[in-house]
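Asks: Below is the structure I would like to discuss, written out as structure tokens.
Every read-out reported here was derived from the displayed coordinates using simple, explicitly stated rules and does not represent laboratory data. All values reported here derive from a predicted model rather than from experimental measurement. Heads up, the Cβs are rebuilt from the backbone with ideal geometry, glycines too, and the neighbour counts pull from every protein chain shown.
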Amino acid sequence: MKIASLIVEFDENRGEEIKQALHPFKNLTIYGEKDNKIVVVIESEEIKDLTQTIDQISAITFIKSVTPVYISEL
């Protein structure tokens, strides 16, 4: 199992829209929101699936940046 924690930064006042856009990702959990940033954790069997999910998140409208905090293998 691969796990990645990310900070997702988005445009001001777009938090609810971003959370709704992230909701369909089955392998993603939101852990908090503060100052136009959301902390998420992604779980996957393969590293390529983690990178694909990160790319998909980065492509969401109103997202400024997606910053990996850690990537780990269990």
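Asks: Specify which labelled value, from [x] 17.5; [y] 13.9; [z] 12.2, agrees with Kirkwood radius over Cα pairs in Å derived from the coordinates of the model shown.
Replies: [z]
Asks: Taking loop as defined by DSSP and a crowding limit of 13 other beta carbons within 10 Å, which GluC sites (Glu not before Pro) in segment 39-69 fit?
Replies: Passing sites in segment 39-69 are Glu45, Glu46.
Asks: Further, regarding this structure: Please give me, ordered by residue number, the GluC sites (Glu not before Pro) of segment 4-36 that lie in loop per DSSP and have at most 10 other Cβ atoms within 10 Å.
Replies: Of the GluC sites (Glu not before Pro), the ones in loops of segment 4-36 whose Cβ has at most 10 other Cβ atoms within 10 Å are Glu12.
Asks: For segment 2-73, give the magnitude of the charge dipole about the Cα centre (Cβ charges: +1 Lys/Arg, -1 Asp/Glu; no others), in debye to the nearest 20.
Replies: About 40 debye.
Asks: Here's another thing I want to ask about it. Only sites in a loop by DSSP and with at most 12 other Cβ atoms within 10 Å count here; which trypsin sites (Lys or Arg not before Pro) in the chain make the cut?
Replies: Those satisfying the criteria are Lys26.
Asks: Only helical DSSP H runs with n ≥ 4 go in: add -39500 (n - 2.57) per run for the chain, normalise by residue count and round the 222 nm mean residue ellipticity to 500 deg cm²/dmol.
Replies: -8000 deg cm²/dmol
Asks: Could I ask something else about it? Label-point separation (nm) for Thr29 and Tyr70, each offset 7 Å from Cα along Cα-to-Cβ?
Replies: With each label placed 7 Å out from Cα toward Cβ, I get 1.4 nm.
Asks: Now a separate question. In segment 2-73, what is the count of Lys pairs whose alpha carbons are under 24 Å apart, counting only pairs at least 8 residues apart or on separate chains?
Replies: Lysine pairs, 8 or more places apart or on different chains, close enough: 15.
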